[in-house]
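Any read-out appearing in this document is the output of simple, stated calculations on the displayed coordinates, not a laboratory observation. Not measured: the values here are computed from a predicted model. Every residue, glycine among them, receives a Cβ derived from its backbone with ideal geometry; neighbour counts consider all protein chains shown.
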Amino acid sequence: MLGNLSEKFEGVMRKLSGQATISEGNVRESMDEVREALLEADVHYEVAEAFCETVLTEALGESVLKSVEPGQQMIKIVHDELVKLLGGEEAMDDEGRPIEREPIMYVQPGPTIIMMSGLQGSGKTTTCGKLAGYMKKRGKNVMLAACDLQRPAAVTQLEVLANQVEQEVEGSGKVMFHGEPEKCAEYGQAVGVAVQVANRALESAKLQGADVLILDTAGRLHVNDELMGELRQVSNAVNPHQIYLVIDAMTGQDAVNSAKAFHAQLELDGVVLTKFDSDTRGGAALTVKKIVGEPIKFIGVGEKLDALEEFHASRIASRILGMGDVVSLVEKAQEQVSEEEALALQEKMEKGKLTMDDFLKQLQAIRKMGSMKSLLGMLPGIGNQLKDLNLDDKQIDRTQAIIQSMTVAERKDVDLLDNSRRRRISKGSGSDAKDVSQLVKGFEMVSQLSKQMSGAGMMSKVKSMAG
Ligand code: GDP
């Protein structure tokens, strides 16, 4: 994610921050490097140029050079400009922290109608499912409607996703589906078939008490009049409260160009940038707000249903500058473990009563948070050093398999694990006997350590640090 760009920025910033004094020449030189990094990341030429000009003017005008910590001040200016580029200025609270708004405005009474648009393959249908999951977790009843009638397979894809979200995503909301696959046969002969389906989906959403109706619409490989005509018809018929454009971050400037075309025809309210997990150079993220004028609301960070993150300009700016994104990391952790669970676990650790089942639960929570590499990448200063490291998520899976091959009694009391039991477990989990021994040893160390830490009052210290 943003590998090269972040690496370059981090390098420039490190050079600046290490200097007690900086000259105008230093600033200009760094801006040349920044400009080069932006262009390499496929940021639009004019955008990169304007960015560097603004930073230069601010840096040279604000007596940065004479200040006590010129490097830090420069970094702040670059950070703030990046934030603006990524999504405009965010409102600040009294302590100067950005106030983060809910990305979705819900209307009362519902349903809030959200229309998705985008080119074929951009990740539109997948994003519909992810958004439904995001809302279900927040207690909303959501209806997904398949208004892409070009192919029956598209209708089925959305139906499968809707069922999957309903079954797999925990949350008090409900996910429903409206689709009329038989209408696909009429598509192409009858004008306005998509409109009919959208209208009926809206009726059904109202009847079934949906808080949100998400319309998946047709895409094409390229922007054309037919597609835009259809999208406008659907939009005029149901008057969506929000229209989102889904774009593929990997396609860089192409994505920005198609975004321009969509923007000219539809009243867009926001952008979802998908495939941000892949080797995107970042150009689309840094250009889209400036060119399209609409903010990025979410980023897609994987193929799985929970791989959707709210987009916060200041957090991404920090990631680009190698400052990490601890806020997102903590949020991810909080999503997986409730406060009561965390407290119960802490108590057990303090008493030295940790069991293999607790260990397993922690591993599962970590696994659900995303890949190890993406998690560690959110820690300050670590992201770019991980680039070439081959972190093996399968190791966690293997450890899980070993614990799952233990009996209930063994999980409660590892002292039971004699050699014959260890052999059985290694066979059952398809792992080496030495992996089992290593796990038991590691577990005993963690238990011992947590007991010692609590004895020394460390747990409360760690807790107060975290709080
Ligand atoms: P649509 O034609 O716009 O509806 O696109 P789909 O939703 O069918 O997605 C196209 C492909 O992109 C599928 O293989 C998805 O799994 C994949 N995809 C969608 N979003 C993401 C993402 O955020 N990250 C990654 N890595 N793949 C994604």
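Numbers for the structure displayed
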{"item": "Packing-based order for 134-140, 54-60, using average beta carbon neighbours within 10 Å, highest first", "result": "134-140, 54-60"}
{"item": "In nm, spacing of pseudo-spin labels at S23 and L65 (7 Å Cα→C-beta vector)", "result": "0.9 nm"}
{"item": "Distance in nm between pseudo-label sites at E267 and M445 (7 Å out along the Cβ direction from Cα)", "result": "6.1 nm"}
{"item": "Rounded FRET efficiency, nearest 0.05, which uses the C-beta distance separating L221 from L39 and R0 of 25 Å", "result": "0.35"}
{"item": "Residues I396, I113, I104, sorted so that the one with the fewest Cβ neighbours within 10 Å comes first", "result": "I396, I104, I113"}
{"item": "Extension reserve of the K434-D80 stretch, reckoned as 0.36 nm per residue once the Cα distance is removed", "result": "122.3 nm"}
{"item": "Neighbour net charge for G139 - beta-carbon separation under 11 angstrom, K R +1, D E -1", "result": "+4"}
{"item": "Reference-scaled alpha-carbon Rg (2.2 N^0.38 Å with N residues) for the stretch 131-191", "result": "1.26"}
{"item": "Net length gained if the chain between A344 and A237 were fully extended (0.36 nm per residue, minus Cα distance)", "result": "33.3 nm"}
{"item": "Cα-based Rg of the stretch 3-87 normalised by 2.2 N^0.38 Å, two decimals", "result": "1.01"}
{"item": "Cβ-based exposure ranking for H178, H44, H263, in which fewest neighbours within 10 Å come first", "result": "H263, H44, H178"}
{"item": "Those lysines that a straight Cα-Cα span of less than 21 Å connects to K136, excepting residues fewer than 8 apart in one chain", "result": "K124, K174, K206, K297, K304, K332, K368"}
{"item": "Using θ = phi - 60° and Karplus 6.51 cos²θ - 1.76 cosθ + 1.60, couplings along the stretch 341-357 (whole Hz; Gly, Pro as x)", "result": "4, 5, 5, 4, 5, 4, 4, 4, 4, 4, 8, x, 10, 5, 10, 4, 5"}
{"item": "Footprinting exposure proxy for D248, D393 (fewest neighbouring C-beta atoms within 10 Å first)", "result": "D393, D248"}
{"item": "Of K275/K394; K140/K275; K76/K275, those spanning more than 24 Å from alpha-carbon to alpha-carbon", "result": "K140/K275; K76/K275"}
{"item": "For the stretch 139-281, convex hull of alpha carbons as volume per residue, Å³", "result": "124 Å³"}
{"item": "Added length on full extension, which subtracts the Cα-Cα distance from 0.36 nm per residue, Q404 to Q253", "result": "49.6 nm"}
